[in-house]
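The values are calculated or read from the model by the stated rules, or taken from the named source; none is laboratory data. Everything numeric in this text was worked out from a predicted model, so none of it was measured. Methodologically, a virtual Cβ is constructed for each residue, glycine included, from the backbone with ideal geometry; neighbour enumeration extends over all protein chains shown.
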(Lines give C-alpha, C1' and ligand atoms only; values in the text may rest on other atoms or scores of the structure.)
Protein backbone atom coordinates (compact mmCIF):
# COMPACT_ATOMS: atom_id res chain seq x y z
CA UNK A 1 0.00 0.00 0.00
CA UNK A 2 2.96 2.31 0.54
CA UNK A 3 4.64 1.38 -2.72
CA UNK A 4 3.78 4.68 -4.45
CA UNK A 5 5.12 6.69 -1.52
CA UNK A 6 8.27 4.57 -1.10
CA UNK A 7 9.18 4.88 -4.77
CA UNK A 8 8.02 8.47 -5.27
CA UNK A 9 11.53 9.55 -6.27
CA UNK A 10 11.71 6.98 -9.05
CA UNK A 11 8.17 7.82 -10.17
CA UNK A 12 9.19 11.46 -10.65
CA UNK A 13 12.54 10.79 -12.38
CA UNK A 14 11.99 7.67 -14.48
CA UNK A 15 9.29 7.09 -17.08
CA UNK A 16 7.77 3.62 -16.62
CA UNK A 17 4.25 2.23 -16.21
CA UNK A 18 2.97 3.04 -12.73
CA UNK A 19 1.16 -0.29 -12.53
CA UNK A 20 4.54 -2.03 -12.49
CA UNK A 21 5.15 -1.21 -8.83
CA UNK A 22 2.09 -2.97 -7.37
CA UNK A 23 2.56 -5.85 -9.81
CA UNK A 24 6.12 -6.33 -8.51
CA UNK A 25 4.84 -6.35 -4.91
CA UNK A 26 2.10 -8.82 -5.89
CA UNK A 27 4.58 -11.04 -7.74
CA UNK A 28 6.87 -11.14 -4.70
CA UNK A 29 3.95 -12.07 -2.45
CA UNK A 30 2.85 -14.80 -4.87
CA UNK A 31 6.38 -16.19 -5.06
CA UNK A 32 6.53 -16.33 -1.25
CA UNK A 33 3.10 -17.99 -1.20
CA UNK A 34 4.16 -20.61 -3.75
CA UNK A 35 7.33 -21.39 -1.81
CA UNK A 36 5.33 -21.89 1.40
CA UNK A 37 2.73 -23.92 -0.47
CA UNK A 38 5.53 -26.12 -1.81
CA UNK A 39 6.89 -26.58 1.71
CA UNK A 40 3.41 -27.51 2.91
CA UNK A 41 3.07 -30.07 0.14
CA UNK A 42 6.44 -31.58 1.07
CA UNK A 43 5.28 -31.89 4.67
CA UNK A 44 2.01 -33.49 3.55
CA UNK A 45 3.92 -35.96 1.40
CA UNK A 46 6.18 -36.72 4.36
CA UNK A 47 3.13 -37.40 6.51
CA UNK A 48 1.91 -39.98 4.02
CA UNK A 49 -0.65 -38.03 2.00
CA UNK A 50 -0.68 -39.00 -1.65
CA UNK A 51 -0.79 -36.24 -4.26
CA UNK A 52 -4.19 -35.94 -5.89
CA UNK A 53 -5.45 -34.16 -8.95
CA UNK A 54 -8.04 -32.42 -6.79
CA UNK A 55 -5.25 -30.40 -5.18
CA UNK A 56 -5.32 -28.28 -8.32
CA UNK A 57 -8.75 -27.05 -7.22
CA UNK A 58 -6.95 -24.76 -4.78
CA UNK A 59 -5.52 -22.69 -7.64
CA UNK A 60 -8.78 -20.87 -8.58
CA UNK A 61 -9.38 -19.95 -4.94
CA UNK A 62 -5.83 -18.63 -4.61
CA UNK A 63 -6.25 -16.70 -7.86
CA UNK A 64 -9.51 -15.19 -6.59
CA UNK A 65 -7.92 -14.05 -3.33
CA UNK A 66 -4.89 -12.76 -5.20
CA UNK A 67 -7.05 -10.72 -7.57
CA UNK A 68 -8.94 -9.15 -4.68
CA UNK A 69 -5.66 -8.39 -2.90
CA UNK A 70 -4.01 -6.66 -5.86
CA UNK A 71 -7.16 -4.67 -6.64
CA UNK A 72 -7.44 -3.45 -3.04
CA UNK A 73 -3.71 -2.78 -2.91
CA UNK A 74 -3.76 -0.59 -6.01
CA UNK A 75 -6.91 1.25 -4.94
CA UNK A 76 -5.72 1.90 -1.38
CA UNK A 77 -2.20 2.68 -2.59
CA UNK A 78 -3.55 5.50 -4.74
CA UNK A 79 -5.71 6.79 -1.88
CA UNK A 80 -2.73 6.55 0.47
CA UNK A 81 -0.83 9.08 -1.66
CA UNK A 82 -3.48 11.69 -0.84
CA UNK A 83 -4.39 10.61 2.71
CA UNK A 84 -1.39 9.05 4.45
CA UNK A 85 -3.43 7.79 7.39
CA UNK A 86 -5.05 5.11 5.24
CA UNK A 87 -2.07 2.79 5.67
CA UNK A 88 -2.29 3.16 9.45
CA UNK A 89 -6.03 2.50 9.56
CA UNK A 90 -5.79 -0.47 7.19
CA UNK A 91 -3.67 -2.43 9.68
CA UNK A 92 -6.57 -2.35 12.14
CA UNK A 93 -9.18 -2.96 9.42
CA UNK A 94 -7.27 -6.00 8.12
CA UNK A 95 -7.10 -7.47 11.63
CA UNK A 96 -10.86 -7.05 12.08
CA UNK A 97 -11.50 -8.39 8.57
CA UNK A 98 -9.43 -11.49 9.34
CA UNK A 99 -11.52 -12.33 12.40
CA UNK A 100 -14.78 -11.65 10.53
CA UNK A 101 -13.79 -14.15 7.85
CA UNK A 102 -14.60 -17.71 8.97
CA UNK A 103 -11.16 -19.20 8.43
CA UNK A 104 -10.44 -20.78 11.80
CA UNK A 105 -14.12 -21.33 12.63
CA UNK A 106 -17.13 -22.52 10.58
CA UNK A 107 -19.59 -19.83 9.46
CA UNK A 108 -22.54 -21.58 11.09
CA UNK A 109 -21.25 -20.88 14.62
CA UNK A 110 -22.05 -17.19 14.22
CA UNK A 111 -25.36 -16.00 15.69
CA UNK A 112 -28.12 -15.53 13.11
CA UNK A 113 -28.17 -11.76 13.60
CA UNK A 114 -24.55 -11.58 12.33
CA UNK A 115 -25.14 -13.73 9.24
CA UNK A 116 -25.11 -10.62 7.05
CA UNK A 117 -21.42 -10.15 7.92
CA UNK A 118 -20.63 -13.52 6.37
CA UNK A 119 -22.62 -12.79 3.21
CA UNK A 120 -21.07 -9.33 2.78
CA UNK A 121 -17.48 -10.59 3.05
CA UNK A 122 -15.83 -10.96 -0.40
CA UNK A 123 -13.31 -13.49 0.93
CA UNK A 124 -15.95 -16.06 1.87
CA UNK A 125 -16.15 -18.02 -1.42
CA UNK A 126 -12.41 -18.58 -1.76
CA UNK A 127 -11.69 -19.14 1.93
CA UNK A 128 -14.64 -21.55 2.18
CA UNK A 129 -13.40 -23.44 -0.87
CA UNK A 130 -9.88 -23.77 0.55
CA UNK A 131 -11.18 -24.70 4.01
CA UNK A 132 -13.58 -27.32 2.65
CA UNK A 133 -11.00 -28.78 0.33
CA UNK A 134 -8.30 -28.98 2.97
CA UNK A 135 -10.54 -30.38 5.70
CA UNK A 136 -12.46 -32.93 3.62
CA UNK A 137 -10.15 -33.41 0.61
CA UNK A 138 -13.12 -32.89 -1.70
CA UNK A 139 -12.97 -30.81 -4.82
CA UNK A 140 -15.53 -28.03 -4.42
CA UNK A 141 -16.14 -25.28 -6.95
CA UNK A 142 -15.16 -21.87 -5.58
CA UNK A 143 -18.13 -20.07 -7.10
CA UNK A 144 -20.65 -22.52 -5.60
CA UNK A 145 -19.40 -22.09 -2.07
CA UNK A 146 -22.26 -21.20 0.24
CA UNK A 147 -21.37 -19.32 3.45
CA UNK A 148 -24.06 -20.93 5.58
CA UNK A 149 -23.25 -24.58 4.91
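Numbers below:
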{"quantity": "Identity of the residue in region 43-61, under 18 Å from residue 26 (Cα atoms) and touching a helix residue (DSSP H, G or I) at 6+ places or on another chain (Cβ under 7 Å), that ends up surrounded by the fewest Cβ atoms within 10 Å (Cβ to Cβ)", "calculated": "60"}
{"quantity": "Residue list for region 56-73, filter: more than 14 Å from the chain's Cα centre (by Cα) and either in contact (Cβ under 8 Å) with a residue 60 or more places away in the chain or under 18 Å from residue 18 (Cβ atoms) (or both)", "calculated": "57"}
{"quantity": "Scan of region 94-107 for residues that are surrounded by fewer than 17 Cβ atoms within 10 Å (Cβ to Cβ) and modelled with pLDDT of 80 or more, ordered by number", "calculated": "94, 95, 96, 97, 98, 99, 100"}
{"quantity": "Every residue from region 22-43 that is more than 20 Å from residue 54 (Cβ to Cβ) and touching a residue at least 24 places away in the same chain (Cβ under 8 Å)", "calculated": "22, 23, 25, 26, 29, 30"}
{"quantity": "Filter result for the condition that a residue is under 20 Å from residue 2 (Cα atoms), over 14 Å from the mean Cα position of the chain (by Cα) and surrounded by 15 or more Cβ atoms within 10 Å (Cβ to Cβ), over 77, 91", "calculated": "77"}
